[in-house]
Amino acid sequence: FLQTSAREAKVPDVTFADVAGQENAKREVSELVDYLRDPARYTRLGAEVPHGVLLMGPPGTGKTLLARALAGEAGVPFYSISASEFIEVFVGVGASRVRHLFEEAKVHAPSIIFIDELDSIGRTRGTGLGGGHDEREQTLNQILAEMDGFAGHEAVIVLAATNRPDVLDPALLRPGRFDRHVTLDLPDRQDREAILRVHARKVPLGPDVDLGKLAAGTPGFSGADLKNLINEAAMLAAREQSAQVSMRHFDEARDKLLLGSVRALAIQPEE
Ligand code: ATP
């Protein structure tokens, strides 16, 4: 269970080709690929490369995917941690977990650290939900200390993801910390089609399947929703013993997902 702290210290097998749409976000992080491939070329010239990048955007828009793709493109190991785990799993040892993670990443530099759900730990200090909030502050302070402690030559890039940039402690956003901001948006129709195409690569599609039409009929769907849609359609087809996934399966899957989200909305308490 505890292994989840350094979930993956391998080079991810995804690249920017796996991230459909999100052209702006890809362009912004792609500048870091060249640096990670050969950091010495930059440090020799005294160039200071940003250490902290904040990925902002609604759930399921591909923040984690983009971070992994950056590591995959650059061919560097990926150390990931979900900030909510600090609160739920590493009670009492959050700060030392952070220290350990950064140590590992430095040993294997060039490398990437990915902190998911940064807002769960990086909310403005002093406004926690009570209990356990010292713990949270200590962990947050340790992240800040680690970000400040990078020597110029240490080729570790820290990416953090949040869908609540508004609640983040301003200390996290200061120069030298998460001072680069990259926004990921919900996909438009064209990008939804591109995402469907990426995830349909391995799916035998029936002749009546029109991914363009499907994209037009799924406004508001995130990348994660679209991936889910393809999977649901494939499950329906498999259950019917069909050899291919046809438009009927997609329509049925979409209705099921839409109904599910309406239900979820209906029972979700206000924050
Ligand atoms: P969360 O905020 O919920 O952690 P996230 O923004 O990190 O979400 P991911 O976990 O990267 O989103 O997305 C979930 C899955 O959805 C990805 O693994 C990928 O399969 C799919 N996905 C999301 N966006 C895209 C995209 N632009 N192109 C292709 N697949 C995508």
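Test Gln190 against the stated conditions and say whether it is among the polar types (S, T, N, Q), more than 16 Å from the ligand (Cβ to nearest atom) and not in a loop (DSSP other than H, G, I, E, B).
Criteria not met by Gln190.
Counting just the residues of region 133-150 that are charged (D, E, K, R) and touching a Gly at 6+ places or on another chain (Cβ under 8 Å), which one comes out surrounded by the most Cβ atoms within 10 Å (Cβ to Cβ)? Explain how you work it out, then say what you get.
Just the residues of region 133-150 that are charged (D, E, K, R), to begin with: 134-137, 146, 148.
After this cut, where a residue has to be touching a Gly at 6+ places or on another chain (Cβ under 8 Å) as well, the list is 135-137, 148.
On the way: Glu135: 19, Arg136: 21, Glu137: 18, Asp148: 11.
Applying the filter and picking the extreme gives Arg136.
Mind telling me which of the residues Gly260, Gly223, Gly212 ends up being modelled with pLDDT under 95 and of a type in the set (Gly, Ala, Ser)?
Values: Gly223 fails: modelled with pLDDT under 95; Gly212 fails: modelled with pLDDT under 95.
Answer to the selection: Gly260.
Among the listed residues Leu159, Leu236, identify the single one that is crowded, with 20+ Cβ neighbours inside 10 Å and not in a loop (DSSP other than H, G, I, E, B).
Leu159
What are the pairs with Cβ atoms under 9 angstrom where one residue, in region 15-44, is in a helix (DSSP H, G or I) and the other, located anywhere, is acidic (Asp, Glu) and within 14 Å of the ligand (Cβ to nearest atom)? Sequence gap at least six, or different chains.
Glu23/Asp191; Asn24/Asp185; Ala25/Asp185
Out of the residues in region 171-203 meeting the condition of being in contact with a Phe, Trp or Tyr (Cβ under 9 Å, 6 or more places away or on another chain) and under 30 Å from Ile121 (Cα atoms), tell me which one is most open to solvent (accessible area, probe 1.4 Å).
Here the residue is Leu186.
Yes or no: Leu211 more than 24 Å from the chain's Cα centre (by Cα) and open to solvent by less than 30 Å² (accessible area, probe 1.4 Å)? Even if it seems obvious, please write down each step before you answer.
Values: more than 24 Å from the chain's Cα centre (by Cα): yes; open to solvent by less than 30 Å² (accessible area, probe 1.4 Å): yes.
Here the answer is yes, as Leu211 does meet what is asked.
State whether the residues of region 56-67 include one that is surrounded by fewer than 20 Cβ atoms within 10 Å (Cβ to Cβ) and more than 11 Å from the ligand (Cβ to nearest atom).
no
Contact list please: Cβ distance under 7 Å, first residue in region 213-236 and within 10 Å of the ligand (Cβ to nearest atom), second residue of a type in the set (Ser, Thr, Tyr), pairs at least six apart or on different chains.
Partner pairs satisfying both residue conditions: Ser222/Thr61; Gly223/Thr61; Leu226/Thr218.
Look through region 1-42, keep the residues that are at pLDDT below 90 and either touching a strand residue (DSSP E or B) at 6+ places or on another chain (Cβ under 6 Å) or among the aliphatic types (A, V, I, L, M) (or both), and return whichever of them is surrounded by the most Cβ atoms within 10 Å (Cβ to Cβ).
Checked region 1-42; the qualifying residue surrounded by the most Cβ atoms within 10 Å (Cβ to Cβ) is Ser5.
The values are calculated or read from the model by the stated rules, or taken from the named source; none is laboratory data. Predicted model only: the values in this text are computed from it and were never measured. Positions of Cβ are generated from backbone atoms using ideal geometry, with glycine treated the same way; all protein chains shown enter the neighbour counts. In case anyone asks, the SASA skips ligands and DNA or RNA and just uses the protein heavy atoms, side chains included. Shrake-Rupley method; radii C 1.70, N 1.55, O 1.52, S 1.80 Å.
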